[in-house]
Each structure stands twice: as C-alpha cells, then as structure tokens.
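The values are calculated or read from the model by the stated rules, or taken from the named source; none is laboratory data. Quick caveat, the model's predicted, so the values are computed rather than measured. Note that we place each Cβ from the backbone using ideal geometry, even for glycine, and neighbour counts take in every protein chain shown. The protein model used for the area step is the full one, side chains on, heavy atoms only, and it has no ligands, DNA or RNA in it. Shrake-Rupley method; radii C 1.70, N 1.55, O 1.52, S 1.80 Å.
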Amino acid sequence: MFPESLKNELQQKIDRVAHPREMAIDVINALQDHYGYFSDEALGQAADLLAMTPLELDELATFYTFIYREPVGKYVIHVCDSLICWMENGENLVAHLCNRLDIQMGETTADGLFTLLPVCCIGYCDRAPAILVNRMVHGPLTTDALDNLIDKLREAST
Amino acid sequence: MSGPYPQVLLKHRKPDRITTLAEYRQAGGYEALHRVLTSEDAAAVKAELADAVLLGRGGAGFPAGIKVQTVAEDAPFPRYVVCNADEMEPGTFKDRVFLHAEPHMLIEGITLAAFSIRAAHGIIFIRPEYESAARILEREIGIAHREGLLGDGIFGSEFSFDIDVHRSGGRYICGEVTAQINALQGIRPNPKQPPPYATDKGLWGQPTLVNNVETLACIPHIVNKGAQWFKDLALTPEAAGTKLFCISGKVNKPGCHELPLGIKLSEIIEDFCGGMKDGATFKGCLPGGASTGFLTVDHYHIAMDFDALKKVGNRLGTGAIMVFDHHTCMVDVTINLTEFFARESCGWCTPCREGFPYLLDLLRRIENGQGEADFLPMIKTMCQHLWKSYCAFAPGGVASIESLIVNFEDEVMAHIEGRGCPFKK
Ligand SMILES: Cc1cc2nc3c(=O)[nH]c(=O)nc-3n(C[C@H](O)[C@H](O)[C@H](O)COP(=O)(O)O)c2cc1C
Ligand code: SF4
Ligand code: FES
C-alpha cells in the first residue's frame, strides 16, 4: 500500500525542483522507510513519481550501499571493516556479533530484528571500532558494549 | 610542546554543539559576505583567492583560485556551486568534525564562492552516514534564510542565492567530481572523463564549481584578512593556510586538529596525539587517506604539506594520518585497503574492476604463505595497468600497494621466504 498522504508529500517535493530526477535518492529513501526496504512495488511507484523508467531507478538502487532491494531487519547494523576499525579489534567484534546474533554477514535474524552488513569507513575512525545501527553511529565498541546495545534494541522491540 | 598555533576554522569549536548564528556573527561571521556584497566586487574575491594559494582540501590539491577563474565571465546561467561533503576517503573525518562545529562558516564560504562566479544555486552533497550533520545544515540554512543571509537580495544587494542539502545513497566514487554530478542528477554515478570540465559544463550541463567543505570554509577568512595573512599561517614558505588533520590508528589520542601546513609529522603524533599507543614504536603511516602511499620511519620528521610530500613521491591527500606501530603487518594493512578499493570500484572500466581483485588475490597469497618472489613484478605490472584506468580512483587505490613494494620490500620478502606472516607467529 502506498498511502495517498505520502504520495502527495513526495509529489509536492518533486514539483518544487527543476528536474524531478534530482529527487531520486530522496524518493527512494522515503519509500524505503515506508516499506522497510526498496521493494519492487516501491520501485514502480518511485518510477511513476519521478517520470523515470524502473530500469533507471534500479541502476541507482543497486549501486548504493544504503538502498536495500531485499527485505532487511528492523535494525540494520552496518559494521565498518575499513582499516582503522579493523586494526582496533574490529575482526573479533564481527565474529562476536555473528555469534551473538547467530547469523553471517549479509543475513537477517529469524525474528526479523537484525540485519548485518559490512560497510566501508564511516568517518568515525576516531571512535573505532565503530558501527551504524539504522545510520546512527556507535563507538568505540567493546564486546560488552555491543552486547548491551543488542540487549537494549531487543528490549525496545518487545 | 610547540605552538600554540593560530586557529582559524576550529577556533570556536565546542565539545558538544555547533557555534550558533548569533555566536558566529559575534565573532565576525558574515562580515566578509556583507562587505563583498555591498561593494559588488566579485573580481576582488577571485584575485584574493588566487593570491592566497588555497589548494583544494578534498584530496587533489587543485588551486581554488584557479578553479573559480575557469568559470568564464560570459558563461551561461544558471551556474551552480557544489560543496563536496562526501568524505568517504577511509581515515578521513575532518569535514564531519567541522560540520558539527561551524555550519555558518561553511554557508558563508559557499555563498562567497557563489557570488564570485554569480551562481544562484548551491548544493551540499553529503554522505548518508552524516545524517546528523545533514540535519544541522538544513536547520542552519533555514535560520540563515530567515535572517536574510540566504535567499533573495542578500544584504539588500542584487545577489540571490539558495543552498540545498543532497543526501547520497552512499558509495565512495560519489566523492569524485564527475561522478558526484551524475549522482546529483539521479544518474548512476560513474565518472565521466573531462573535457568538458564541470566549471564549463557540470550539473545539468551548466557551469559548476565543486569544492571540498574545508576549502570553502577558508574563503571568508581569506576575504577578511587577505592572502598574505593566509600564506603566513603555514610553517613552510611554499604552503599556505592551516589544515584540518585527522589522526587515527596506533596513537594514544586519535582526533582532529587544526594545525599549520608544514608542521612536522612527529610533532603531530607526539604533541597532539599523546604519542604512540602503549609506548609502541612508530613504523609508518598513511599521510592523507587510503589513496596515498605509506610513509616510513625515514619520514618521521617530514613537513606535512603538499610540496614536501610530493617530493617523496607521496601526497597530502585529505590530511587523514593513519598510524601504524611495530606490531602492524604492512601486507595485512595493504590487503584491507585493497579490499576497500575492490569493493568500491564503480565497475565502469575493466582495469579497475578486474585489477583490484587480482592484486588482492596475490597479496592474500603472500600473507598466507603461498607467495612467490615473482609475484612482485606481477604486482608492479598490474599497478601500472591500473594507472590507465578511466578515473583517479584506481591510481589512488594502487598508491598503498606500490609503496608497500618499495618501502616495505623486506617485510614482503619475509612473508614470501618465511612462508607466512612474521607477525602471526
Ligand atoms: C575516488 C575519488 C573520491 C573522492 N572523494 C572526495 C570526497 O569525498 N570529498 C572531496 O572533497 N573530494 C573528493 N575527491 C576529490 C574531488 O574529485 C575533487 O577534487 C574535490 O572535491 C575538489 O574540491 P577541492 O579542490 O576543494 O579539494 C575524490 C576524488 C576521487 C578520485
Ligand atoms: S577507475 Fe574504477 S572507479 Fe574509476 S571509472 Fe574505472 S571502474 Fe570506475
Ligand atoms: S575505519 Fe572504521 S570508521 Fe573509519
């Protein structure tokens, strides 16, 4: 379902700019927030709004790290695996996280709560090792701090 | 301890919040814009920028004064200014620190740059990881509008200007100018080889100035205090201005510091970062992000400026210093960096798309004890091929590999001859 209110809101934003397609990422983000991921249905709706072809939009959607073409969990955890986080014990942290959630990188927990994805340096190397949970940064992390974080997120969604 | 050094961009930095508009104006903010707009003198801004030798802070070090002059007087309208806040170069977080400190300094800088080329629209292109900075910018742009510092007829002049914040979907290549222009137009962000240059035909085919956050933030100060003052900020005669260095890795206190260009690497590490972590020994560093080559102990006292690094075949890049100690395996470090480039390659051209996985395979085999001496010439040849790629991504990506082979050849050979990593025994 694509609520009329959201559709109108996006349409208004598009009408304000000179070239509809400059709003492509914003529209994709809005639909992704609504559906939880950028579904085929959302792709078609975005294409209509932006006067672009579904293919043109898929070219964008498949390119970017923060656009999910497949369902993801309620909390998307992007773990930085670039140099500084990796040097600051990041590898053990990843192993711990996979173990704790009982999934591999790229997977979602059975309860649909957590998705684990790798990400390149997120610009918080002064707080390494760092991760993003739904784009909010956490760091520097220890395994204890990570356990606490996961517990809190679990609690918040029961 | 040396210094204290003059602070320009981060002088009023606070631990937990931005400098508000009122505070910024109290400290002389928007005076440069006021003076320039009431005198209507765009040529003077351009001349001062050129004299100041402000080299681009986004990694390539191109003179900002020359770039504004490449927008021809009779170029078509509308014209655009794009502020590059993508900052995806691994190790780099200076723009993030700055954006959380002085959003109005950036807004003023963008507006001055826009006035100098008579641009009517500004765009801040920002990475999705910096959502909090994006929100700060949107809010402060709104405030600047209400105060008449943006919008129609700024300071009662004829000049009207707006700024929008554009969020990226998140890919390293979007930091490259031509890819960024594609991204802004809702086109898959593969780079496009110039000509035409962006200042000639950029966004929507119109003249577009693209500059880094830090570069633009310097402009109000140069306009206020003059080119000579800016040059005198640096410690070496060839350099000009301060630089936001961000230091991470094996130091006691990682962080971002505004320091004069030309400051010694050793001084940065010892006096501003609390020295090496846990008393370890300095082994080397990357001076300016993942796209620069390794410095070694031989360079420990090098002057951190564009020229000095060029002289040793390296680059200042973004000023992101990533420090390694004597426990760090440089082959392992290079593997991590190469994984980054293999993953972030936009895939448009073959040398880059195919070359990084190939190099990664050879490096991993060396690390795992399956390396052979003839891997070294194979790696060198492949790096040379990568220099022929379509954009500057690939030459940046091989910088660490090439310098590994030159500066840490003994360590690579120890892996090959010892059939494994000497640091993992
Ligand atoms: C692969 C690649 C990534 C880049 N990423 C950035 C970036 O994130 N931020 C930036 O300011 N410049 C980046 N640059 C440099 C830009 O192409 C350009 O030189 C710069 O934005 C111009 O601004 P400046 O002259 O003020 O530095 C990148 C270049 C390449 C080749
Ligand atoms: S060098 Fe790499 S990033 Fe640049 S165009 Fe070629 S594939 Fe894309
Ligand atoms: S390396 Fe992880 S945030 Fe920079």
Inset, instruction - Determine, yes or no, whether A:Met1 is surrounded by 21 or more Cβ atoms within 10 Å (Cβ to Cβ) and not polar (S, T, N, Q). - result: no
Are any of the residues in segment B:154-170 touching a His at 6+ places or on another chain (Cβ under 6 Å), exposed (fewer than 15 other Cβ atoms within 10 Å of the Cβ) and away from every other protein chain (no Cβ under 14 Å)?
yes
Mind checking whether some residue in segment A:107-119 is within 16 Å of ligand 1 (Cβ to nearest atom), closer than 22 Å to B:Gly397 by Cβ and buried (at least 20 other Cβ atoms within 10 Å of the Cβ)?
yes
Filtering strands (runs of 3 or more DSSP E) wholly in segment A:101-158 for at least 2 residues that are away from ligand 3 (no atom under 16 Å from the Cβ) gives A:114-119
Worksheet item: Does B:Gly202 fit the bill of being more than 16 Å from ligand 2 (Cβ to nearest atom), within 9 Å of chain A (Cβ to nearest Cβ) and either closer than 22 Å to B:Ala134 by Cα or touching a residue at least 40 places away in the same chain (Cβ under 8 Å) (or both)?
Response: no
Checked B:Arg188, B:Arg146, B:Arg167 against criteria (modelled with pLDDT of 95 or more, over 30 Å from B:Leu261 (Cα atoms) and within 15 Å of ligand 1 (Cβ to nearest atom)); the one match is B:Arg167
Flagged in segment B:342-379 as on the phi > 0 side of the Ramachandran plot and either more than 16 Å from ligand 1 (Cβ to nearest atom) or more than 14 Å from chain A (Cβ to nearest Cβ) (or both), in numbering order, are B:Gly369
Filtering segment B:172-185 down to residues that are of a type in the set (Val, Ile, Thr) and either more than 14 Å from chain A (Cβ to nearest Cβ) or open to solvent by 30 Å² or more (accessible area, probe 1.4 Å) (or both) yields B:Val177, B:Thr178
Going through segment B:261-320 in order, the residues found to be polar (S, T, N, Q) and more than 17 Å from the chain's Cα centre (by Cα) are B:Ser266, B:Thr281, B:Thr296
Of all helices (runs of 4 or more DSSP H) fully inside segment B:1-63, the set with 2 or more residues that are of a type in the set (Ser, Thr, Tyr) is B:31-39
Among helices (runs of 4 or more DSSP H) completely within segment B:370-425, the ones holding 2 or more residues that are among the aliphatic types (A, V, I, L, M), within 16 Å of ligand 2 (Cβ to nearest atom) and within 29 Å of B:Met88 (Cβ to Cβ) are B:375-386, B:393-407
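Okay, residues lined up against (1) open to solvent by 10 Å² or more (accessible area, probe 1.4 Å); (2) more than 16 Å from ligand 2 (Cβ to nearest atom); (3) modelled with pLDDT under 95:
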residue: B:Pro63; (1), (2), (3): yes, yes, no
residue: B:Ala72; (1), (2), (3): yes, yes, yes
residue: B:Pro78; (1), (2), (3): yes, yes, no
residue: B:Glu89; (1), (2), (3): yes, no, no
residue: B:Asp95; (1), (2), (3): no, yes, no
* Asked: Among the residues of segment B:330-339, is any over 30 Å from B:Arg188 (Cβ atoms), within 16 Å of ligand 3 (Cβ to nearest atom), touching an Asp or Glu at 6+ places or on another chain (Cβ under 7 Å) and within 14 Å of chain A (Cβ to nearest Cβ)?
  -> yes
Subset of segment B:186-231, residues among the charged types (D, E, K, R), under 22 Å from the mean Cα position of the chain (by Cα) and surrounded by fewer than 22 Cβ atoms within 10 Å (Cβ to Cβ), comes to B:Lys192, B:Lys231
If you go through A:Ile67, A:Ile103, A:Ile131, the only one that is of a type in the set (A, V, I, L, M) and in contact with a His (Cβ under 7 Å, 6 or more places away or on another chain) is A:Ile131
Those residues of segment A:46-73 which are open to solvent by 30 Å² or more (accessible area, probe 1.4 Å) and away from every other protein chain (no Cβ under 11 Å) amount to A:Asp48, A:Thr53, A:Pro54, A:Arg69, A:Glu70, A:Pro71, A:Val72
Notebook entry, point to check: Based on what the data block shows, is B:Thr70 of a type in the set (S, T, N, Q), away from ligand 1 (no atom under 14 Å from the Cβ) and farther than 30 Å from A:Ser82 by Cα?
Noted result: no
When every residue in segment B:344-373 that is aromatic (Phe, Trp, Tyr) and touching a residue at least 40 places away in the same chain (Cβ under 8 Å) is compared, the one farthest from B:Ser403 (Cα to Cα) is B:Trp348
Of the listed residues (A:Cys120, A:Cys98, A:Cys80), the one being touching a Leu at 6+ places or on another chain (Cβ under 9 Å), within 12 Å of chain B (Cβ to nearest Cβ) and modelled with pLDDT of 95 or more is A:Cys80
Per the list (1) more than 15 Å from the chain's Cα centre (by Cα); (2) surrounded by fewer than 19 Cβ atoms within 10 Å (Cβ to Cβ); (3) not in a loop (DSSP other than H, G, I, E, B), residue check on A:Glu88 breaks on (2)
When B:Ile401 is run through (1) touching a residue at least 12 places away in the same chain (Cβ under 8 Å); (2) of a type outside the set (Phe, Trp, Tyr); (3) open to solvent by 20 Å² or more (accessible area, probe 1.4 Å), the failure sits at (3)
